[in-house]
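Report on the following structure.
The values are calculated or read from the model by the stated rules, or taken from the named source; none is laboratory data. Everything quoted here is computed from the prediction, not taken from an experiment. Because the Cβ atoms are built from the backbone with ideal geometry, glycine has one as well, and the counts that use them run over all protein chains shown. Each accessible area value is taken on the protein alone, full model and side chains, heavy atoms only, with ligands, DNA and RNA left out. Shrake-Rupley method; radii C 1.70, N 1.55, O 1.52, S 1.80 Å.
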Amino acid sequence: MIQDVFRLAHTTEHPDAVAAFERATEEVAAHRPGAGVALAEALASDPQLVAAHCLKGFAQLILARSELQFGAEAALLSAEQALQAKGGGSEDETLLVFALRRAIEGKFHAAADLLETITDARPTVFLPLKLSHALRFMVGDLAGMLKRTEALVAAYDPALDGYGYFLGCHAFGLEEAGRYEEAERTGRAAALAEPKDAWGIHAVAHVYEMRHQPADGIAWIDDQRASWTGCNNFAYHLSWHQGLFHLEQGDSDAALHLYDTEIRAQPTDDFRDITNAASLLWRLTEQGIPVGTRWEELADRARHRKTDGTYMFAALHHLLSLLATGDFASARDCVAMIGARAEGTGDQARVAGQVARDLAQTLLRTAQGQRPRLDLPELAERLPLLGGSHAQRDVFMRALAQSAARQGNRREAATLLRLRAERRRVDRFAERMFQTLATVPPVATVPQEPPRWRHHA
């Protein structure tokens with residue numbers, strides 16, 4: 001039995017395999033691109049290193065593409081065989097395998113609970129925390145993210161490997177809970193303790209987004225650029241934040257330059273890159289800023305993904321691209337897929353039934369000039385169930401407010417703006433919307449459909 005520097009216990013007689021796995025863990029923690037190579041080295045040294053197979057499986061699930069499900073299942077099979085060959089392995093390895101199985105079944109909440117069983121017993125084992133943090137983020141369990149890190153704060157000593165990465169996770173949970181001063185302080189401490197902690201840098205960027213401090217946000221990201229430019233595609237996300245800050249300052253040219261040179265410099269099929277791109281283009285388009293043919297590239301990707309129901313958050317961003325280009329036939333296919341997904345099982349089926357189906361239909365009806373059938377503020381209150389952050393979901397809050405305003409429903413639009421202001425200071429979008437509402441003649445509201453999502457809880 002060997003315990004790695006991040007305190008995970010491995011059943012192996014190959015210290016070189018554990019050393020390679022430590023590098024993989026740090027690459028994951030730092031959002032850097034070398035995890036795959038490090039895992040391959042670990043498995044070359046010990047083909048039955050259980051945690052390496054599990055981390056491969058989790059990595060493919062978190063990419064949220066339907067074709068990667070097979071790779072995740074193969075990793076689970078290899079992990080189970082390795083566990084059996086090692087006579088049951090360590091408790092850490094067993095729980096990793098059980099958690100991966102639940103995640104493959106589409107039960108990310110249950111998988112996170114199992115991972116946290118490891119940190120219940122030994123609070124500073126880092127990898128299970130990072131994985132549970134990622135899974136809870138994807139299913140919108142922001143409260144669960146913060147609850148876990150708050151429970152572990154007292155156990156983490158600054159001398160421990162992974163301390164800075166832990167602080168980064170904690171800072172993000174604090175920010176999403178609206179505890180902005182604590183989040184900024186903790187995120188800065190994370191970056192100081194571990195300069196490669198892009199997640200902590202990112203948490204501070206979120207604070208500046210929510211507190212409407214675009215100049216501070218630009219300066220912070222620029223000051224940390226040497227740390228985050230070594231990231232994987234997470235670097236594109238930090239550039240996206242910088243693009244939002246420039247747009248908030250009225251500098252659309254700078255936002256578009258970042259789009260072309262960093263945010264969408266590589267036309268990948270990674271949903272995280274596409275959500276960055278689609279949500280920035282949506283904001284630019286909403287402001288009447290020409291974006292050329294940039295939507296077309298995203299729409300081409302969306303047409304290939306319109307029936308992929310792996311992750312509702314991703315599907316809805318593909319829908320934005322289809323609507324922006326007027327491809328209503330493909331958009332209807334995407335909306336139908338989301339509706340069908342709501343009748344399935346697992347966390348994403350529940351998300352589809354609780355919020356994604358209603359949101360997709362509302363976006364489609366609005367784009368076609370039809371009136372929404374739902375209470376839009378009530379729908380907005382369900383948006384956190386989608387996963388992602390408040391800043392990422394803001395594109396949908398904006399779309400709902402615009403939908404209400406276009407229909408002359410000043411009451412709903414104003415309520416949506418007030419809901420939005422509960423998390424963030426008034427910004428240029430809110431100012432424009434309030435000015436618009438002052439000139440919009442009211443029209444009669446339409447009967448509301450019952451909230452079907454309640455029957456899918």
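Things to note:
- Answer from R350, R294, R341 - the residue that is open to solvent by 10 Å² or more (accessible area, probe 1.4 Å), in contact with a His (Cβ under 8 Å, 6 or more places away or on another chain) and either under 26 Å from E248 (Cβ atoms) or basic (K, R) (or both): R350
- Residue check for V28: crowded, with 22+ Cβ neighbours inside 10 Å, within 20 Å of A112 (Cβ to Cβ) and more than 24 Å from the chain's Cα centre (by Cα): no
- Residues in the range 358-392 that are touching a Cys at 6+ places or on another chain (Cβ under 9 Å) and open to solvent by less than 10 Å² (accessible area, probe 1.4 Å): A360 alone.
- Flag for V335 being within 22 Å of A413 (Cβ to Cβ) and of a type in the set (V, I, T): no
- Near pairs, Cβ below 8 angstrom, 6+ apart or cross-chain, from the range 419-439 (without any contact (Cβ under 8 Å) to a residue 60 or more places away in the chain and within 19 Å of F396 (Cβ to Cβ)) to any residue that is surrounded by fewer than 17 Cβ atoms within 10 Å (Cβ to Cβ) and hydrophobic (A, V, I, L, M, F, W, C): A430/A421
- Of everything in the range 278-291 that is open to solvent by less than 40 Å² (accessible area, probe 1.4 Å) and in contact (Cβ under 8 Å) with a residue 40 or more places away in the chain, the residue that is farthest from A367 (Cα to Cα) is L280.
- Enumeration of residues in the range 302-311 that are in contact with a Ser or Thr (Cβ under 7 Å, 6 or more places away or on another chain) and open to solvent by 30 Å² or more (accessible area, probe 1.4 Å): R303, K306, T310
- A Cβ distance below 6 Å, combined with a sequence gap of six or more or placement on separate chains, defines the contacts here; from the range 26-43, residues that are in contact (Cβ under 8 Å) with a residue 12 or more places away in the chain reach residues that are of a type in the set (K, R) in the pairs A29/K130; A30/K196; A38/R23; L39/K56.
- Among residues of the range 412-431, those that are surrounded by fewer than 13 Cβ atoms within 10 Å (Cβ to Cβ) and in a helix (DSSP H, G or I), counted: 3
- Of all residues making up the range 11-22, the number that are over 22 Å from D157 (Cβ atoms) and over 28 Å from the mean Cα position of the chain (by Cα): 8
- Scan of the range 1-18 for residues that are open to solvent by 40 Å² or more (accessible area, probe 1.4 Å) and out of contact with any Asp or Glu (no Cβ under 7 Å at 6 or more places or on another chain), ordered by number: M1, I2, Q3, E13, P15, D16
- Matching residues, the range 45-101, being within 19 Å of the chain's Cα centre (by Cα), touching a residue at least 60 places away in the same chain (Cβ under 8 Å), open to solvent by less than 30 Å² (accessible area, probe 1.4 Å) and at negative phi: L55, F58
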